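Working notes, structure below.
The values are calculated or read from the model by the stated rules, or taken from the named source; none is laboratory data. These figures come from a predicted structure and were not determined experimentally. All Cβ positions, even for glycine, are placed from backbone atoms using ideal geometry, and neighbour counts span all protein chains on display.
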Amino acid sequence: MSTLSEPLVPVLPAETGKRTWITFSRAIRRHCPYCGGGGIFSSYFTLKERCPHCHTLFAYEDGYFLGSYVINIGVTELAAVGIVIWLMIATSLSVLQLQIIGVILAVGLPIAFYPVAVCLWMVLDLVVHPPGRGSGRPRQ
Ligand SMILES: [Zn+2]
């Protein structure tokens with residue numbers, strides 16, 4: 001019989017496509033990609049060391065989340081450039097107005113997207129290194 005404090009054991013599909021879809025849908029909601037539990041951030045920018053539901057250790061090595069910065073900057077800066085180009089084509093805003101909007105987007109989007117980028121990095125890790133099967137990815 002299980003108790004509420006007992007950690008959940010995450011069960012993810014072995015099939016890569018299903019595992020990717022499930023973990024991706026959890027990540028964009030800022031939930032644990034392993035078990036789907038919420039509340040994995042102690043503040044907007046701070047990920048808890050372990051999932052409060054399944055107790056999975058998130059950063060199992062130093063520098064683990066460096067890839068999330070690449071995802072964050074890559075996605076958000078491409079979006080910012082795309083929005084500014086769309087505004088150039090679709091509106092009659094002045095160059096100064098476009099520059100102001102571009103700077104606001106270039107600074108604001110990475111801040112807004114940061115927690116999702118952290119979760120997406122864990123998803124990418126799960127797709128490449130599925131838990132179990134000798135992946136070398138420790139849970140504890
Ligand atoms: Zn979890």
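Numerical summary
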| quantity | calculated |
| --- | --- |
| The lone exception for Phe24 - which of (1) touching a Phe, Trp or Tyr at 6+ places or on another chain (Cβ under 6 Å); (2) at pLDDT below 95; (3) in a helix (DSSP H, G or I) it fails | (1) |
| Checking Pro13 against (1) part of a loop (DSSP other than H, G, I, E, B); (2) surrounded by 12 or more Cβ atoms within 10 Å (Cβ to Cβ); (3) out of contact with any helix residue (DSSP H, G or I) (no Cβ under 6 Å at 6 or more places or on another chain), the condition it does not meet | (3) |
| Matching entry among Leu120, Leu98, Leu126, Leu93 (being of a type in the set (A, V, I, L, M, F, W, C), farther than 27 Å from Thr16 by Cβ and in a helix (DSSP H, G or I)) | Leu98 |
| Those residues of segment 38-67 which are among the charged types (D, E, K, R) and surrounded by 15 or more Cβ atoms within 10 Å (Cβ to Cβ), in sequence order | Arg50 |
| Selection count where residues are near the ligand (Cβ under 8 Å from one of its atoms) and among the small types (Gly, Ala, Ser), scope segment 20-42 | 2 |
| Complete set of residues in segment 82-106 that are under 30 Å from Leu124 (Cα atoms) and in contact with a helix residue (DSSP H, G or I) (Cβ under 8 Å, 6 or more places away or on another chain) | Ile83, Val84, Gly102, Leu105, Ala106 |
| Residue within segment 51-69 that is within 16 Å of the ligand (Cβ to nearest atom), among the aromatic types (Phe, Trp, Tyr) and either more than 20 Å from Val123 (Cα to Cα) or touching a strand residue (DSSP E or B) at 6+ places or on another chain (Cβ under 8 Å) (or both) present | yes |
| Residue within segment 65-84 that is in contact (Cβ under 8 Å) with a residue 40 or more places away in the chain, part of a loop (DSSP other than H, G, I, E, B) and within 19 Å of Arg26 (Cβ to Cβ) present | yes |
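To keep it simple, each residue is scored yes or no on (1) modelled with pLDDT of 95 or more; (2) touching an Asp or Glu at 6+ places or on another chain (Cβ under 7 Å); (3) more than 30 Å from Glu49 (Cα to Cα).
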site: Thr76; (1), (2), (3): yes, no, no
site: Trp86; (1), (2), (3): yes, no, yes
site: Gln97; (1), (2), (3): yes, no, yes
site: Gly102; (1), (2), (3): yes, no, yes
site: Pro110; (1), (2), (3): yes, no, no
site: Val127; (1), (2), (3): no, no, no
